[in-house]
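Below: the structure, in structure tokens.
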Amino acid sequence: MEEKRIRTIGVLTSGGDAQGMNACIRAVTRSALNKGVRVKGIVRGYSGLLENDIKDLNAVSVGNIMHKGGTVLYTARCPEFIDPDPAKAQAAINRAANIAKAHGIDGLVVIGGDGSFKGAQAISKYGINVVGVPGTIDLDIACTDYTIGFDSAVNIALEAIMRLRDTSSSHERCSVIEVMGHRCGEIALWAGLTGGADAILIPEQPETANFENILRVIMENRARGKKDNIIVVAEGIGGSVELAKRIEKEIGIESRATILGHVQRGGQPTAVDIKHASMMGAYAVDLLLNGANNRVVAFKKGKYVDFDIDEALAMHREPSWDIEEVNRRISTYY
Ligand code: ADP
Ligand code: F6P
């Protein structure tokens, strides 16, 4: 089959925003322009596409955005694409593809998570070449060792833990800290290990949330000289306010819960995020210009690679069990 020559690349951000998305938009735009390809920014993800909210991007319009959190293209979830009536969903996806085509868009870069890749995959069936770039703080995409936004979110969580340690140790309290991550425990694992948590509770291993175990860890550590405790709870486990109350009630150790929430999604991206965002954005453009379609960019074993979206979506993600195991070993007072 003859390869389609891409003349205009559309770029959109979809799902939850993540630090580094702007650096990725910049990289996509500048690398496409560098190859003589036009770039259109689609506002508010697939919703904006359906509303025909599309603007030209040039080298200047993506200047001064790479260090900003959020996404200058805005982001949204688009319920029309996942309408429970499959005929209605297909009609919306077809309409979105036609709107893109009317703007001359023949290649599309989608920066988002698994859900957004499914939307991209659906659009590709209507004749637009698509490439997904993993953008989510959650690090929950199976095909890649990195998702844009993760490092920034973890560092915010770590900074919060360090602040909470100060007040927690002054009052000799137990601090229960809930971090984001949807159904994935990766932010909790990294923030827990680097923040020196007594215990890390993750949804992939519900036993970590066993109340008796948590109490045992706290009491053993206290008996061996520890004066304060940090328990990191992943959002997918939840219930941190109740947990803090229960700890206080059962063993009389003053406890406070802090839910970090959306602060983890704001602020300047770290260098790690800007680097991956820039590299992945440029890689996505190279893929499209080389005739690729239905691909997702990934960072695997230290290299940028790509996978078929269908294969990527079928992959199984393993949590960082090594972090969980090492933290259990080194957070214990012997
Ligand atoms: P993320 O990309 O972060 O996983 P979502 O799961 O919320 O975020 O998905 C973002 C958007 O992608 C959804 O609002 C929807 O428009 C689109 N999407 C999700 N799943 C599908 C699907 N199965 N088919 C088509 N589009 C989808
Ligand atoms: O996917 C990123 C994320 O921040 C998850 O960690 C969290 O579960 C979800 O988005 C929150 O979504 P919203 O911004 O819609 O509240």
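Give the residues of segment 13-59 that are more than 18 Å from Ala277 (Cα to Cα), away from ligand 1 (no atom under 16 Å from the Cβ) and among the basic types (Lys, Arg), sorted by residue number.
Lys35, Arg38, Lys40, Lys55
Counting just the residues of segment 20-55 that are surrounded by fewer than 23 Cβ atoms within 10 Å (Cβ to Cβ) and among the polar types (S, T, N, Q), which one comes out farthest from Glu80 (Cα to Cα)?
Asn34
So which of Asp56, Asp138 ends up being acidic (Asp, Glu) and part of a loop (DSSP other than H, G, I, E, B)?
Values: Asp56 fails: part of a loop (DSSP other than H, G, I, E, B).
The match here is Asp138.
For segment 1-19, enumerate the residues that are surrounded by 24 or more Cβ atoms within 10 Å (Cβ to Cβ) and either without any contact (Cβ under 8 Å) to a residue 40 or more places away in the chain or charged (D, E, K, R) (or both).
The one that is surrounded by 24 or more Cβ atoms within 10 Å (Cβ to Cβ) and either without any contact (Cβ under 8 Å) to a residue 40 or more places away in the chain or charged (D, E, K, R) (or both): Asp17.
Open to solvent by 60 Å² or more (accessible area, probe 1.4 Å), touching a Leu at 6+ places or on another chain (Cβ under 6 Å) and of a type outside the set (Asp, Glu) - does that describe any residue in segment 141-157? Write out each step before concluding.
Initial filter on segment 141-157 (open to solvent by 60 Å² or more (accessible area, probe 1.4 Å)): 145, 155.
Remaining after also requiring touching a Leu at 6+ places or on another chain (Cβ under 6 Å): none.
Scanning segment 141-157 turns up no residue that is open to solvent by 60 Å² or more (accessible area, probe 1.4 Å), touching a Leu at 6+ places or on another chain (Cβ under 6 Å) and of a type outside the set (Asp, Glu).
Just checking, does segment 141-156 include any residue being within 11 Å of ligand 1 (Cβ to nearest atom) and either of a type outside the set (S, T, N, Q) or at positive phi (or both)?
Here is the first cut: in segment 141-156, the ones within 11 Å of ligand 1 (Cβ to nearest atom) are 141, 147, 149.
Subset that is either of a type outside the set (S, T, N, Q) or at positive phi (or both): 141, 149.
Yes: one or more hits.
Search segment 319-334 for residues that are more than 17 Å from Asn221 (Cβ to Cβ) and pair each with any residue that is in a helix (DSSP H, G or I) and among the aromatic types (Phe, Trp, Tyr) when their beta-carbon atoms are under 8 Å apart and the residues are at least 6 apart or on different chains.
Ser320/Trp190; Ile323/Trp190
Can you tell me which residue in segment 121-134 is surrounded by the most Cβ atoms within 10 Å (Cβ to Cβ), limited to those that are among the small types (Gly, Ala, Ser) and more than 8 Å from ligand 1 (Cβ to nearest atom)? It would help to see each step written out before you state the result.
Of segment 121-134, the ones among the small types (Gly, Ala, Ser) are 122, 124, 127, 132.
Of the ones still in play, those that are also more than 8 Å from ligand 1 (Cβ to nearest atom) are 124, 127, 132.
Numbers: Ser124: 20, Gly127: 13, Gly132: 33.
My answer is Gly132.
Among the helices (runs of 4 or more DSSP H) lying completely within segment 173-268, list those that include at least 1 residues that are of a type in the set (Ser, Thr, Tyr) and more than 16 Å from ligand 1 (Cβ to nearest atom).
Passing ranges, in order: 186-195, 240-251.
Of the residues in segment 277-334, how many are aliphatic (A, V, I, L, M), closer than 27 Å to Gly192 by Cα and assigned to a helix (DSSP H, G or I)? First the steps, then the outcome.
Quick first cut of segment 277-334, residues aliphatic (A, V, I, L, M) only: 277, 279-280, 282, 284-285, 287-289, 292, 296-298, 305, 309, 312-315, 323, 326, 330.
Filter once more, so that each one left must be closer than 27 Å to Gly192 by Cα: 277, 298, 315, 323, 326, 330.
Next, only the ones that are assigned to a helix (DSSP H, G or I) stay: 277, 323, 326, 330.
Of the residues in segment 277-334, 4 are aliphatic (A, V, I, L, M), closer than 27 Å to Gly192 by Cα and assigned to a helix (DSSP H, G or I).
The values are calculated or read from the model by the stated rules, or taken from the named source; none is laboratory data. Note that the coordinates shown come from a computational prediction; the quantities given were computed from them, not determined experimentally. With ideal geometry, Cβ positions are generated from the backbone for all residues, glycine too; neighbour counts draw on all protein chains shown. Just so you know, the surface numbers come from the protein's heavy atoms only, side chains and all, with ligands and any DNA or RNA stripped out. Shrake-Rupley method; radii C 1.70, N 1.55, O 1.52, S 1.80 Å.
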